[in-house]
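Accompanying notes for the structure given below.
The values are calculated or read from the model by the stated rules, or taken from the named source; none is laboratory data. Since we're looking at a predicted model, the values are computed, not measured. FYI the Cβ positions are ideal-geometry reconstructions off the backbone, even for glycines, and counts take in every protein chain you see. Protein only, heavy atoms only, side chains kept; ligands, DNA and RNA dropped before computing areas. Shrake-Rupley method; radii C 1.70, N 1.55, O 1.52, S 1.80 Å.
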Amino acid sequence: ERFRLLSRLNLSSGINAEYGENHKGFNRPFLFHFKELQLSWCPTYKAGSTTWKDYFVKRFVDANIEHPSLEKLWYFRLSSHGGRLPNGRKQYKKESPNSIRFTVVRNPIVRIISYWKMAKGCGEFTRVGMHKDLLLQRPLLGHLQESKTKFAEEVNEYFKWCQEKVTGNKGDVRPQPVASPNNPYLDPPHITFPELVQKMEDQRNLLKKNDWEGHWAPASEWCDVCVHRLDYVAKLEAEPWELWFLLDTLGLWDDREQFLGFHNMASESGRPSNEDEVSKFVEQLAPSQKQFLNSFYKNDFDMFGYTGVS
């Protein structure tokens, strides 16, 4: 496992030299430092980050919290720069000089499929409105134009119900409102996979500072691997072996049972990690969308040993 992880680091170093540092203004590297452990962690969303987040929150913030959020770790986030080392590695003033930096990555296509599955539910309403803007952009053909106002009102009613379902008491939630059977805004009542990829592409083209979505950001950019010079990059698909190696190397071996207690979508047991399901999602995309994903995630594919879509 040490050989495989170090080989991946050597490969990413070569990619760093080829592509240079991340120059995008949107980049917001979330690097959290735990001085007691001499450890700095970058959470790659939809790549087992919940497991690590829960562990760090329960260990350093509140051992009894049931649903810890990443904001609970904000105190540990590194922000003040402290210059560069001769090898170009960015330093932070509050980071211990001998800290180990790491992240866990996952096939980028599987990450966005995992996010899409999450975005289908009402839970995404409170965070991003379940991408309501995209639903209302669906075309109304022919005579359906006459019902545009009615259809939009039905969407609003659906989202009110969805918000109540998320934020209210389960026993007090009213029945789901009935919508017109020919309302395309609610057929389906959630973002489709091609619509998600289109949103990703549109956002990339209109990118502004602090306008980025960590759930689908390339791990190479989100963690800014070119300047942070991570010590270890593990692959979620290689669990449990790379996970065990990391825990042992990071001095967390005694806590390994805590990692077994969390559900993690590893390749052998989770979904959508199998190739058949990935193919079904990719088949829904237009050729231009496939081309976008291959370009968007090129560095991740190259650095971490994944294959693009075809």
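Here are a few things to note about the model shown:
- Sorting the segments 100-110, 282-292 by their residues' average number of neighbouring beta-carbon atoms within 10 angstrom, most packed first, yields 100-110, 282-292.
- Tyr92 long-range amide H proximity, modeled H, under 5 Å: Gly82
- Among the listed pairs Lys46/Lys199; Lys117/Lys235; Lys35/Lys120; Lys90/Lys132, a Cα-Cα separation exceeding 29 Å is found for Lys35/Lys120; Lys90/Lys132.
- By a 1.4 Å probe calculation restricted to protein chains, Phe60 has an accessible surface near 50 Å², given to the nearest 10.
- Highest-first packing order for the peptide set 193-199, 63-69 is 193-199, 63-69, based on the mean count of other beta carbon atoms within 10 Å.
- Taking amide H atoms as placed 1.01 Å from N in the peptide plane, the amide H of Ile100 lies under 5 Å from those of Leu39, Ser40, each 5 or more residues away in sequence or on another chain.
- Whether segment 38-98 is rounded, prolate or oblate, judged on the alpha carbon gyration tensor where a/c under 1.5 counts as rounded: prolate
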